[in-house]
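Written below as structure tokens is the structure these notes are about.
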Amino acid sequence: HALRGIAVLIATQPNARLHALATMVALLLSVLLRIDRSEWLWILLMIFMVWIAESINTSLEFLADSITTEIRPSLRDSKDVAATSVLLAASLAILVGGIILVPKLWIVARGIFQAPEL
């Protein structure tokens, strides 16, 4: 059931596909930049936190939509609050990823674009 849930999440949710792309980019950069063990823990924590928030949000949306198709303020508010959890998780993931990866990318970029010594 859990693997089917992942498939449903990716098949039905455009944001989940965006999270999948971001996950692949974060993992690839982390490998290429050879981040250390503690940095891996933070990167993995952020990746899983976003996926957990997206899963709970999508689950709540499916449940609310199965109750009624009419707009009810309480269901709308529930869906909006759940979506906020994804926004907060993704925002923190971007911040943590930036703190870890941007300085390393900057070092690589400086090495590539630095003028050769004569």
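Nothing in this text is a laboratory measurement; each read-out follows from the coordinates by a stated rule. Bear in mind that the values here come from a model prediction, so they are computed numbers and not experimental data. In this analysis, Cβ positions are derived from the backbone assuming ideal geometry, glycine residues included, and neighbour counts consider all displayed protein chains.
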Output the residues belonging to the range 65-118 that are assigned to a helix (DSSP H, G or I) and acidic (D, E). D65, D77, D80
Taking the condition under 30 Å from I99 (Cβ atoms) and assigned to a helix (DSSP H, G or I), does L3 pass? no
In the set I35, I10, the lone residue that is of a type outside the set (D, E), without any contact (Cβ under 8 Å) to a residue 24 or more places away in the chain and surrounded by 12 or more Cβ atoms within 10 Å (Cβ to Cβ) is I10
Condition first: surrounded by fewer than 16 Cβ atoms within 10 Å (Cβ to Cβ) and within 13 Å of V50 (Cβ to Cβ). Now tell me which residues in the range 85-111 satisfy that. L87, L88, S91, L92, I94, L95
